[in-house]
Amino acid sequence: MDDSLPSILCVDDDIDILELLKEYFTEQGFVVLTATNGVEAFLQVKRWQPKAVILDLFMPRLGGIGALGRIKALNPDVVVILVSGMGNALELVTEAGLSVAGAFTKPLNLVQLSDTLARSGVVAPAALVAAAGDAAQIKRPVRARVLVVDDELEFRKVLAEYLEDRGFDVIEAQDGEEALLRVPDFHPHIVLMDVMMAGMGGVEALKRIKAAAPETCVIMVTAVEDIDSARGALALGASDYVTKPFSFQYLDSVLEVHMLMDHIDPKSS
């Protein structure tokens, strides 16, 4: 993972809050990891060593305090911010002999969360670029190749037309089988692929694409009810997932982050 793009791990068993955090911090330029319980959180920290962790205090399967203790034992320097529905989170953590950078009650004030991270040394890449007066550093390269795979014709066409307007070189596929036929000739930098499709689904197509072209960045597109499948796809080599419906602004942020993180430069290919 590129150190120039600091990563944040967001941990919450409330999917709506998790998606809110993921969208907000992705738009800030962070690489955003997610987990829905303390066990997943510990494994994510061990594998990816994020710069900061935003941690729900009350969760199933190793709650926030248990996860905090293990995370701090693994990486004492990681910045941890607690979130909860109660106002005594800091007291509970102090009683457990642990410390955090801050604690916030739900509903969350995302600006205050971001400010607390910045005061702890975890500054949003977008803010760094703005301060340097060099916004060109985060502009995506031109004409990257994107393969859009979805069996919903209208959604696929809208997405493809938008990406073409943004300067991407785009082709489409209606299912996993067609996607596999397109990859060898088109050599996409990024594949945006629906999880649930008629015929060969996104997960099986992901396995075959990564086996044939492991350098390809595959981003899964899923409805909320398929989110577990999308998360499972990360273990199979997917770079990220986005949930429908999503804004084009959010999609832009996701693509920019992964193009930088994966060092995608279409000019050299």
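The values are calculated or read from the model by the stated rules, or taken from the named source; none is laboratory data. Here the structure is a predicted model, which means the values were calculated and not measured. FYI the Cβ positions are ideal-geometry reconstructions off the backbone, even for glycines, and counts take in every protein chain you see. Only protein heavy atoms, including side chains, enter the accessible area calculation; ligands, DNA and RNA are left aside. Shrake-Rupley method; radii C 1.70, N 1.55, O 1.52, S 1.80 Å.
Of all accessible surface on the chain at a 1.4 Å probe, what whole percent is carbon and sulfur?
52
How much accessible area per residue does the chain have, counting only protein heavy atoms and a probe of 1.4 Å, in square angstrom?
With all protein chains present, the chain gives 46 Å² per residue.
Work out from phi, with θ = phi - 60° and the Karplus expression 6.51 cos²θ - 1.76 cosθ + 1.60, the ³J(HN,Hα) of each residue of the range 26-42, listed in order in whole Hz, and give x for Gly and Pro.
Coupling constants for the range 26-42: 5, 5, 7, x, 7, 7, 10, 9, 9, 8, 10, 7, x, 5, 4, 4, 4 Hz.
For the range 7-13, in order, what is each residue's ³J(HN,Hα) by Karplus, 6.51 cos²θ - 1.76 cosθ + 1.60 with θ = phi - 60°, in whole Hz (x at glycine and Pro)?
Using θ = phi - 60°, the values come out as 9, 10, 9, 9, 10, 6, 7 Hz.
Order 19-28, 239-248 from most to least packed using the mean count of other Cβ atoms within 10 Å.
Most protected by this proxy first, the peptides run 19-28, 239-248.
Amide H to amide H, which residues 5 or more places from VAL221 or on other chains are under 5 Å from it, using H placed in the peptide plane?
Those lying under 5 Å, H to H, from VAL221 are MET193, ASP194, VAL195, VAL242.
Just order 189-198, 103-112 by mean Cβ neighbour count inside 10 Å, highest at the front, would you?
Top of the packing list down: 189-198, 103-112.
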